[in-house]
Amino acid sequence: MNSHGAPHDPYLVGLDLRGRRVVVVGAGTVVQRRLPVLLAAGADVHVIAPEATPAVEATPGIVWHRREYASGDLLGAWYALAATDDPAVNAAVVAEAEAARTFCVRADLAREGTAVTPATVATDGLQVGVLASGDHRRSAAVRDALRAVLTGDEAARPTHKPEGVALVGGGPGDPDLITVRGRALLGLADVVVADRLAPPRLLAELAPHVEVIDAAKVPYGRAMAQQAINRVLIDRAREGKFVVRLKGGDPYVFGRGFEELEALAAEGIPVTVVPGITSSIAAPSAAGIPVTHRGVTHEFVVVSGHVAPGHPDSLVDWDALGRLRGTVVVLMAVERLAAIAEALIAGGRPAETPAAVVENATTGGQRTVRGTLATIAADAAAASVVPPAVLVVGATAGFTAALGG
Ligand code: SAH
């Protein structure tokens with residue numbers, strides 16, 4: 001219990017966290033949702049937890065102290081978040097924060113903390129936070145309605161809750177690049193099963209009662225990971241919950257969306273598919289590279305690079321791709337850039353063809369590396385490009401406009 005007694009209206013404030021130490025204890029799905037927002041505010045984020053969800057683990061820009069919380073961990077913190085699954089630990093963190101006069105959110109028992117996280121919407125340079133005396137469903141509903149008003153978008157206003165599962169394309173990374181329908185359905189979800197590439201800031205907006213399942217962490221025992229994910233979707237839908245399966249980009253572009261649709265259909269579970277903006281088009285576009293251009297390229301081809309050219313499992317005709325004159329966009333290619341470039345050259349594509357690699361497109365971390373088919377693998381390695389990134393090959397990859405990223 002915080003020392004200030006029963007009913008009170010908290011004081012709403014905007015914290016300038018730039019460069020300031022924020023200590024987060026716990027590394028589960030609640031934390032996974034808060035991290036992108038803390039990082040976007042420029043905070044110096046320290047996560048303390050012996051284990052983390054894969055999404056937390058893969059979050060760039062945090063310092064993860066891989067151990068249990070110990071008294072003294074809040075030293076120097078301006079703000080803290082107690083979000084472990086152990087109430088005793090959360091209570092201890094809050095107690096230390098109280099003694100240190102550090103404001104602290106307690107995720108499991110909001111009233112016991114000295115700060116509460118509002119339901120927020122950020123659009124067009126405006127940030128709105130809603131608190132409803134601990135009634136998270138109400139604050140989320142008001143927030144959703146405000147978003148609809150602020151974006152002038154009546155269609156985004158949630159209506160009745162659909163049944164079954166929605167396979168939603170989350171877009172390439174920027175939370176504003178999900179579709180209006182996708183966002184509205186997300187606002188109605190009881191359960192969200194999210195891929196690592198699903199835009200993390202969309203998860204940050206979910207109300208606390210929403211169960212967020214990290215698809216990369218679904219335990220699969222002897223089953224395949226995909227079967228285990230299908231199982232979770234089916235089980236939650238069977239419990240009468242509305243489930244959003246949130247994927248990066250478009251659910252059907254190398255997203256295994258149709259396998260999930262088939263598994264759900266076989267169980268008689270209704271499925272809604274919401275297309276998404278695929279990174280195969282958005283990543284080049286965000287870097288100032290048009291996938292087509294009148295008089296230059298009359299085709300663009302999207303290819304998976306997840307198996308190397310020449311590998312027995314490869315279903316791609318690299319020789320045929322090498323003969324194309326248009327734009328070739330390769331996903332999941334970072335580790336195999338050299339082999340892919342070689343295969344295209346061997347198929348007849350000139351070695352001096354412009355090529356570009358676009359990393360973390362549409363997010364704050366977007367980078368573009370440009371070169372030619374002959375140099376791009378070395379150029380990307382020199383720049384330490386890591387997934388997610390797309391390779392773009394063709395004349396338009398050499399276009400530079402004032403807006404290029
Ligand atoms: N369904 C997704 C693609 C899934 S495959 C879509 O339509 O976008 C995963 C690959 O997508 C990554 O390896 C990378 O090549 C690409 N990708 C996804 N998000 C990206 C981003 N923000 N920037 C660059 N590439 C991205």
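The values are calculated or read from the model by the stated rules, or taken from the named source; none is laboratory data. Values in this document were obtained by computation on a predicted structure and should not be read as measured data. Ideal geometry is used to build each Cβ from the backbone, glycine not excepted, and the neighbour counts take in all protein chains shown. Note: accessible area is taken over every heavy atom of the protein model, side chains too, but ligands, DNA and RNA are not part of it. Shrake-Rupley method; radii C 1.70, N 1.55, O 1.52, S 1.80 Å.
For region 241-324, a/c is not less than 1.5, where a ≥ b ≥ c are the root eigenvalues of the C-alpha gyration tensor, and a/b does not top b/c. That puts it in the oblate class.
How large, in percent, is the carbon and sulfur part of the accessible surface of region 1-91 at a probe radius of 1.4 Å?
56 percent
Taking the Cα centre of region 189-238 as the origin and placing charges on Cβ (Lys, Arg +1; Asp, Glu -1), which of Leu233, Ala189, Ala204 is farthest toward the positive end of the dipole? Sorting the options by dipole projection puts first Leu233.
At 1.4 Å probe radius, can you tell me the per residue accessible area of region 1-89 in Å²? All intermediate terms of the calculation are to be shown ahead of the outcome.
Details: 4870 Å² over 89 residues.
Result: 55 Å² of accessible area for each residue.
Electrostatic tally near Thr117: other residues with Cβ closer than 15 Å to its Cβ, Lys and Arg +1, Asp and Glu -1, net +4.
Given +1 at the Cβ of Lys and Arg, -1 at the Cβ of Asp and Glu and no other charges, the dipole of region 158-276 around its Cα centre is 120 debye to the nearest 20. Both numbers refer to the Cα atoms of region 1-140; Rg and Dmax are 14.4, 41 Å. Charge dipole (Cα centre; +1 on Lys/Arg Cβ, -1 on Asp/Glu Cβ; no other charges) of the chain amounts to roughly 420 debye. Taking the C-alpha atoms only, the angle from helix 87-100 to the longest principal axis of the chain is near 80 degrees. A 1.4 Å probe run over region 223-362, with the rest of the protein chains in place, finds 46 Å² accessible per residue.
Using bins of 10 Å that start at zero, the share of Cα-Cα pairs per bin across the chain amounts to 5, 20, 27, 25, 16, 6, 1, 0, in whole %. Among the trypsin sites (Lys or Arg not before Pro) within region 333-405, not one is in coil by DSSP while having at most 11 neighbouring Cβ atoms inside 10 Å. Taking only protein heavy atoms and a 1.4 Å probe, the accessible area of region 170-229 is 55% carbon and sulfur. Rounded to the nearest 20, the Cβ-based charge dipole of region 1-145 about its Cα centre (Lys and Arg +1, Asp and Glu -1) stands at 240 debye.
When each of the peptides 9-20, 371-382, 261-272 is scored by how many other beta carbons lie within 10 Å of its residues on average, the order from highest to lowest is 371-382, 261-272, 9-20.
For the chain, what does -39500 (n - 2.57) per DSSP helix run (n ≥ 4), summed and divided by total residues, give at 222 nm, in deg cm²/dmol to the nearest 500? Intermediate values should be presented prior to the final figure.
Working: 12 runs with 112 residues, N = 405.
After summing the helix terms and dividing by the residues of the chain, the value is -8000 deg cm²/dmol.
To the nearest ten degrees, helix 257-266 and the longest principal axis of the Cα atoms of the chain are 70 degrees apart.
Measure off, as a whole percent, the carbon and sulfur share of the 1.4 Å-probe accessible area of region 255-405, all protein chains present. Intermediate values should be presented prior to the final figure.
On the way: 4140 of 7110 Å².
The value for region 255-405 is 58 percent carbon and sulfur by accessible area.
Of the trypsin sites (Lys or Arg not before Pro) found in region 61-159, the ones in coil according to DSSP and having at most 14 other Cβ atoms within 10 Å of their Cβ are Arg66, Arg67, Arg101. With everything on Cα atoms, drop me the angle between helix 337-346 and the longest principal axis of the chain, reported from 0 to 90° to the nearest 10. Roughly 20 degrees between the two axes.
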